[in-house]
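Take a look at the structure set out below.
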Amino acid sequence: MYHSIDFISESEVTANTYDHWHLVPSTRPTISMPPVKTSYIEIPGASGKLDLSETLTKYPIYDNRTGSIDFIVLNNYQTNNHSWLKLYEEIARFLHGKKLKMILEDDKYDYYHYYYEGRFDIAWNSDNSGQWSTVTINYEVDPYKYDSQIQSLYKSGEHGSAAWNNTNHVMYVDVMPTIPTFEIANIGSSGISIDFVNEELGIDTKKEIEDNGTYTFYDLILSNIHGNNIIDIKVVGNGTVTMNWRNGRL
């Protein structure tokens with residue numbers, strides 16, 4: 001394992017640090033943890049501080065991850081029969097200042113992977129003899145790394161039966177709170193209702209849908225902050241309902 005990294009552009013072009021540029025990381029690549037956003041208030045005449053960090057969300061929130069990864073350019077490696085300076089230009093053209101997805105080789109599994117998303121830039125160094133060079137890739141990426149697989153639940157309800165009536169451990173939700181989308185098709189004249197309860201975040205609401213389409217409700221949040229993975233969803237009405245969401249983890 002070369003501990004390589006895939007960088008993927010918005011047009012889905014992929015460059016691998018070893019396969020394309022023969023870069024070898026000086027140490028195993030790791031991405032820094034995101035700083036926790038906190039809010040404390042001093043309490044006059046009392047010990048300690050008042051922690052308001054989760055007052056609005058009921059879960060921790062984070063800032064972007066920032067850091068850098070150092071790579072060594074293999075001696076005498078050339079790209080397209082050009083010098084290492086051309087390699088530097090090639091890497092800069094693909095990475096410098098660009099918003100990309102980043103996949104660590106160590107984060108790849110049998111059929112899926114996790115990816116980071118953010119902006120990157122590079123710096124180049126060499127020793128006095130010019131015999132070796134290093135490339136530093138700096139990053140600022142989102143707090144969570146994202147699952148490449150979209151999670152889905154699909155049900156079809158007919159004759160007024162419940163399309164969904166799922167409770168307790170009916171879906172896999174990772175540690176990142178996420179907002180799902182609902183794709184509604186073949187809806188009946190009476191419409192479709194969605195009852196949504198997330199006790200972890202104190203959400204208890206009902207949505208009424210009358211037309212086919214894709215819907216996002218920003219007060220319907222999937223979460224698994226404490227490892228309970230308990231969310232109650234009941235969908236009633238004629239039609240098909242597909243709920244999609246993407247998981248993320250630290």
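Any read-out appearing in this document is the output of simple, stated calculations on the displayed coordinates, not a laboratory observation. The structure displayed is predicted, hence computed values, not measured ones. Neighbour counts are summed over all protein chains in view; Cβ atoms, including those assigned to glycine, are modelled from backbone coordinates with ideal geometry.
A simple count of charges around Gly248, restricted to other residues whose Cβ falls under 12 Å of its Cβ and scoring Lys, Arg +1 and Asp, Glu -1, yields -1.
Maximal additional length on extending the Tyr154-Tyr218 stretch stands at 21.0 nm, based on 0.36 nm per residue less the C-alpha distance.
Would you calculate, for the chain, the mean residue ellipticity at 222 nm contributed by helices, counting each DSSP H stretch of 4 or more residues as -39,500 (n - 2.57) and dividing by all residues, to the nearest 500? Could the numbers behind the result be given before it?
Numbers: 1 runs with 12 residues, N = 250.
Result for the chain, helices only: -1500 deg cm²/dmol.
Annotation: the residues Tyr40, Tyr116, sorted from fewest to most other C-beta atoms within 10 Å of their own C-beta, follow the order Tyr40, Tyr116. Think of the chain as a dipole: +1 on every Lys or Arg Cβ, -1 on every Asp or Glu Cβ, centred on the Cα centre; then among Ile187, Ile150, Gly118, Gly118 lies furthest on the positive end.
Between the beta carbons of Tyr2 and Asp195, assuming R0 = 45 Å, the FRET efficiency works out to 0.35 to the nearest 0.05. Taking the longest Cα principal axis of the chain as reference, the axis of helix 84-95 is set at about 10 degrees.
Taking a point 7 Å out from the Cα of Glu90 in the direction of its Cβ, the residues of segment 1-21 whose backbone N falls within less than 18 Å of it are 4-9, 13-21. Dipole of the chain computed with +1 at Lys/Arg Cβ and -1 at Asp/Glu Cβ about the Cα centre; of Ser39, His226, Tyr59, farthest Cα towards the positive end is Ser39.
Please enumerate, by chain and number, the lysines with C-alpha under 28 Å from the C-alpha of Lys58, excluding those fewer than 8 residues away in the same chain. Excluding near neighbours in sequence, the set is Lys37, Lys49, Lys145, Lys206, Lys207, Lys234.
If I take every Cα pair under 8 Å that is 6 or more residues apart in the chain, average their sequence separation and divide by the length, what percent do I get for the relative contact order?
Working: 557 pairs, mean separation 46.5, N = 250.
Relative contact order here is 19 percent.
With both labels modelled 7 Å from their Cα along Cα-to-Cβ, the Lys98 to Asn228 distance reads 4.5 nm.
Relative to the Cα centre, the charge distribution of the chain, modelled as +1 at Lys and Arg Cβ and -1 at Asp and Glu Cβ, gives a dipole magnitude of about 280 debye.
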